[in-house]
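The values are calculated or read from the model by the stated rules, or taken from the named source; none is laboratory data. Since we're looking at a predicted model, the values are computed, not measured. Here Cβ is always computed from backbone atoms with ideal geometry, including for glycine, and neighbour counts include all displayed protein chains.
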Amino acid sequence: MPHDETWIIRKPAVESNGGIVTAQHHMAARAGADVLARGGNAVDAAIATAFALASVEPWMSGLGGCGFMVVYLASEKRTFALEFGVKAPLALDPADYPLSGGYDSDLFAWPGVLEHRNVLGPKSVAVPGFVAGMAEAAARFASFNWNDLLSAAVELAEAGLRVDWYSSLKIASVARDIDRFAATRSIYLPGGFVPVGEWSGPAPIIQLDGLANTLRRLATEGPDSFYSGPLATDLLADARSVGIGIQADDLTAYRPQCTEISGFGYRGATVFSPPGLCAGPTLQEALTSLQSLMPTSSATPDAKTYVHYANSMQAAYEHRLQPVGDSPDGKSPSCTTHLNVIDRQGNVVALTQTLLSLFGSKVVLPETGILMNNGIMWFDPRPGRANSIAAGKQPLSNMCPAIVQESDGSRFTLGASGGRRIMSAVLQLISFLVDFSMDLESAMHQPRIDVSGNREVDFDTHLEPEIANQLSKRLDHALPTPHGVFPSLFACPGIARHDAKTGRCTGASFVYSPLAAAIAENRID
């Protein structure tokens with residue numbers, strides 16, 4: 001397959017004598033780095049970055065979404081996983097999602113549902129967990145007060161969203177769907193058109209007045225207000241006005257889950273990934289298989305290496321997908337985002353958060369300005385399966401944040417966006433660093449394959465021709481696939497590392513995003 005983009009893109013890693021933040025938008029990463037510079041710890045910076053992302057890339061994640069976080073506390077030498085996934089509303093009726101033939105219009109190619117209502121619009125919305133997750137992380141691990149953690153997000157939302165070419169592209173890619181919903185259309189399609197800057201003029205600004213006001217209220221009223229206070233009252237009224245079935249009981253009953261985790265071994269390293277309804281258990285199974293299939297490694301990844309990657313991931317996905325009745329596809333884009341933080345004390349955070357699809361349900365709550373998830377899409381619409389739609393139930397997700405402790409005590413943190421492509425990227429990056437001792441910059445630029453649970457193995461067209469030829473011969477359904485800016489056909493990872501010997505941190509962000517960045521703490525001692 002020919003590559004549609006002829007430029008050569010490189011993105012250097014960033015080093016720091018203090019802490020570091022990586023995120024899929026540089027303004028959010030800078031907000032987190034500023035928290036570190038003011039004396040905040042890694043969790044403080046992660047929460048600030050996460051909320052800032054809701055203001056600078058609101059179609060990716062935010063108050064209407066969910067996520068998973070892994071936290072390492074250096075002083076206690078303990079690691080925790082925090083789960084704040086979406087849940088189906090308690091009053092949901094599975095009969096409202098009758099099969100209609102064909103396949104759905106988004107991530108997983110489920111059997112089609114009437115009017116695509118599990119994917120698009122008010123019936124696709126599940127109970128959001130993002131605010132509860134951030135509140136739990138703040139209560140357990142943060143040192144800053146809640147108001148300070150949200151201050152950057154408030155300022156960014158008040159300033160409005162600067163629409164660069166990449167943001168215009170994101171909006172344009174789903175303009176037909178967001179045009180169906182009045183509040184969403186009024187914000188993101190001003191005048192009925194995708195906002196695009198003049199050739200030689202400044203970028204247009206989208207006003208986020210509703211979101212800015214909600215963030216201000218959340219900062220002053222506190223996170224409980226989102227689930228059981230005045231903000232919850234307004235949110236529920238807002239949701240009812242657009243046909244979303246979330247009720248007060250859904251919000252008051254919501255609880256995130258935080259557990260201490262011990263990790264699992266991989267070639268002398270220890271990998272910490274979340275348990276539960278995410279890709280963490282699949283990552284463990286795939287790495288365990290890889291260690292058996294590839295007992296020793298070459299100097300650099302060769303054709304055999306990639307064959308072992310493919311076989312280990314296919315076996316793990318076969319085990320993952322059969323019991324839960326998951327679907328055989330997963331190639332459409334998602335709107336997940338990932339961030340990493342390491343502070344100068346060696347505390348580490350990996351955080352993945354999402355609205356699921358790009359722009360989630362495509363529904364913005366008209367008054368509060370919250371863009372809502374389409375979490376019902378994560379359920380299998382077919383009845384009688386482990387992951388079938390049911391009231392009050394949490395679906396299986398693909399998020400896979402991870403922290404890896406190396407044999408010398410150094411740690412790196414990583415994760416990605418990209419739906420079911422996420423685990424493939426995380427596994428290969430772990431192998432690049434552990435098996436081949438790559439530095440972060442080399443690992444992020446090393447071509448990858450993708451195995452997403454179907455029969456296909458997509459391999460980056462940037463792979464050396466001899467490796468590509470071998471993969472085509474040795475793997476069934478191996479397809480050369482271009483890795484570029486748009487369309488995004490591989491996961492979008494980020495990674496950061498703390499060197500136990502020198503104390504220095506290094507960060508590397510997704511190469512093909514013009515907005516993703518690693519930002520070093522800039523503290524004046």
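Numbers at a glance
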quantity	calculated
Residues satisfying the stated conditions in the stretch 206-223, i.e. outside any helix (DSSP H, G or I) and either out of contact with any helix residue (DSSP H, G or I) (no Cβ under 7 Å at 6 or more places or on another chain) or among the polar types (S, T, N, Q) (or both)	Q207
Selected residue (only one of V194, V174, V163, V154 is closer than 30 Å to Y72 by Cα and among the β-branched types (V, I, T))	V154
Subset of the stretch 397-427 (residues that are of a type outside the set (A, V, I, L, M), closer than 11 Å to L283 by Cβ and over 11 Å from the mean Cα position of the chain (by Cα))	S424
Any chance D460 is among the acidic types (D, E), closer than 16 Å to S488 by Cα and crowded, with 24+ Cβ neighbours inside 10 Å	no
Candidates A183, A203, filtered to the one that is more than 24 Å from the chain's Cα centre (by Cα), in a helix (DSSP H, G or I) and hydrophobic (A, V, I, L, M, F, W, C)	A183
Residue selected from the stretch 269-320 under the condition assigned to a loop (DSSP other than H, G, I, E, B), hydrophobic (A, V, I, L, M, F, W, C) and over 20 Å from the mean Cα position of the chain (by Cα), by the criterion nearest to T336 (Cα to Cα)	M294
Residue check for A13: touching a strand residue (DSSP E or B) at 6+ places or on another chain (Cβ under 9 Å), over 22 Å from D209 (Cα atoms) and buried (at least 20 other Cβ atoms within 10 Å of the Cβ)	yes
Close pairs (6 angstrom Cβ cut-off, 6 or more residues apart or separate chains): more than 19 Å from R344 (Cβ to Cβ) and crowded, with 23+ Cβ neighbours inside 10 Å in the stretch 63-92, hydroxyl-bearing (S, T, Y) and at pLDDT 95 or above anywhere	G65/T354; G67/T352; F68/T352; A81/T259
Hits in the stretch 224-258 - residues which are closer than 15 Å to G392 by Cβ and in a helix (DSSP H, G or I)	A248, D249, D250, L251, T252, A253
Of all residues making up the stretch 91-102, the number that are of a type outside the set (D, E), in contact with a helix residue (DSSP H, G or I) (Cβ under 9 Å, 6 or more places away or on another chain) and outside any strand (DSSP E or B)	4
Residue identified as closer than 24 Å to E260 by Cβ and either in contact with a helix residue (DSSP H, G or I) (Cβ under 6 Å, 6 or more places away or on another chain) or not polar (S, T, N, Q) (or both) among A42, A31, A88	A42
Check on F459, aromatic (F, W, Y) and within 30 Å of G409 (Cβ to Cβ)	no
Top-ranked residue of the stretch 259-268 - restricted to ones that are assigned to a strand (DSSP E or B) and not β-branched (V, I, T), ranked as surrounded by the fewest Cβ atoms within 10 Å (Cβ to Cβ)	E260
Filtered residue count, the stretch 335-384, keeping only those that are assigned to a strand (DSSP E or B) and either without any contact (Cβ under 8 Å) to a residue 24 or more places away in the chain or buried (at least 24 other Cβ atoms within 10 Å of the Cβ) (or both)	16
Some residue of the stretch 158-165 being within 21 Å of the chain's Cα centre (by Cα) and in a helix (DSSP H, G or I)	no
Single residue of L189, L218, L120 found to be in contact with a Phe, Trp or Tyr (Cβ under 7 Å, 6 or more places away or on another chain) and touching a residue at least 12 places away in the same chain (Cβ under 8 Å)	L218
All positions within the stretch 466-499 that are part of a loop (DSSP other than H, G, I, E, B) and surrounded by 15 or more Cβ atoms within 10 Å (Cβ to Cβ)	L475, P482, H483, G484, V485, S488, L489, F490, A491, D499
Residue list for the stretch 16-41, filter: crowded, with 16+ Cβ neighbours inside 10 Å, over 22 Å from E57 (Cα atoms) and of a type outside the set (G, A, S)	N41
Residue within the stretch 47-62 that is part of a strand (DSSP E or B), under 17 Å from the mean Cα position of the chain (by Cα) and closer than 13 Å to L339 by Cβ present	no
Unmet criterion (only one of (1) surrounded by 15 or more Cβ atoms within 10 Å (Cβ to Cβ); (2) closer than 24 Å to F459 by Cβ) for P295	(1)
Selection from the stretch 136-162 of residues that are buried (at least 16 other Cβ atoms within 10 Å of the Cβ) and touching a Gly at 6+ places or on another chain (Cβ under 7 Å)	F144, W146
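Listed here are the residues, each with its yes/no results for (1) within 26 Å of the chain's Cα centre (by Cα); (2) surrounded by 20 or more Cβ atoms within 10 Å (Cβ to Cβ); (3) among the hydroxyl-bearing types (S, T, Y).
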{"residue": "A212", "(1), (2), (3)": "yes, yes, no"}
{"residue": "L215", "(1), (2), (3)": "yes, yes, no"}
{"residue": "L235", "(1), (2), (3)": "yes, yes, no"}
{"residue": "G243", "(1), (2), (3)": "no, no, no"}
{"residue": "D249", "(1), (2), (3)": "no, no, no"}
{"residue": "Q257", "(1), (2), (3)": "yes, no, no"}
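Each row is one residue, and each column tells you yes or no for (1) over 30 Å from F193 (Cβ atoms); (2) of a type in the set (V, I, T); (3) not in a helix (DSSP H, G or I).
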residue	(1), (2), (3)
T79	yes, yes, yes
K123	no, no, no
G133	yes, no, no
A139	yes, no, no
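Table: residues versus (1) of a type in the set (S, T, Y); (2) at pLDDT 95 or above.
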site: D96; (1), (2): no, yes
site: G102; (1), (2): no, no
site: S105; (1), (2): yes, no
site: V113; (1), (2): no, no
site: H116; (1), (2): no, no
site: K123; (1), (2): no, yes
site: F130; (1), (2): no, yes
site: N147; (1), (2): no, yes
